[in-house]
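The values are calculated or read from the model by the stated rules, or taken from the named source; none is laboratory data. As the structure is a computational prediction, the values presented were derived from the model and not from experiment. Heads up, the Cβs are rebuilt from the backbone with ideal geometry, glycines too, and the neighbour counts pull from every protein chain shown. The accessibility values were calculated without ligands, DNA or RNA, using every heavy atom of the protein model including side chains. Shrake-Rupley method; radii C 1.70, N 1.55, O 1.52, S 1.80 Å.
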Amino acid sequence: MPKNPSLSMGVQLNLIKDFVCSDLEVDYKSEEKACIVYSALAVDKELQPDKVRRVMSISDGKLSVRFEAVEARFLRASYSAFVDVLTLATKTIEQFGEDVELQLQNL
């Protein structure tokens, strides 16, 4: 049965000073898989960096993302678009990741 990293996804929403913040953590249980997803998502910059800030990091096979926005609607739009791409990257790794690992082991 394939491991589903989305099952261990944690989300937290906070209001700090004048910003709406949200923290997202996805446990890939593999530093390599977390790095692949990080690399795929890091190239997409925020469309309105003056209104939304996104900070990503990797630790112990977990991808952590912090969003800060001046308004909840900007947070929602940024978060939603990010999760769509995150889901695509995760599904791609789930589908092709094991095949790639097997090929690397056979070299």
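Taken one residue at a time, the phi angles of the range 84-89 give Karplus couplings (6.51, -1.76, 1.60, θ = phi - 60°) of 4, 6, 4, 5, 4, 5 Hz. Gly and Pro are set to x. Summing charges over all other residues whose Cβ lies under 12 Å from the Cβ of residue 66, with Lys and Arg as +1 and Asp and Glu as -1, gives -1. Near residue 34, once Lys and Arg are set to +1 and Asp and Glu to -1 for all other residues with Cβ below 12 Å from its Cβ, the sum equals -2. Extending 7 Å from Cα along the Cβ direction at residue 88 and again at residue 70 yields two label points whose distance is 2.8 nm. With all protein chains in place and ligands, DNA and RNA left out, the 1.4 Å accessible area ranks 38, 79, 28 as 38, 79, 28, largest first. Peptide packing for 89-95, 63-69 was compared via the average number of neighbouring C-beta atoms within 10 Å per residue; ordered from the highest value, the list is 63-69, 89-95.
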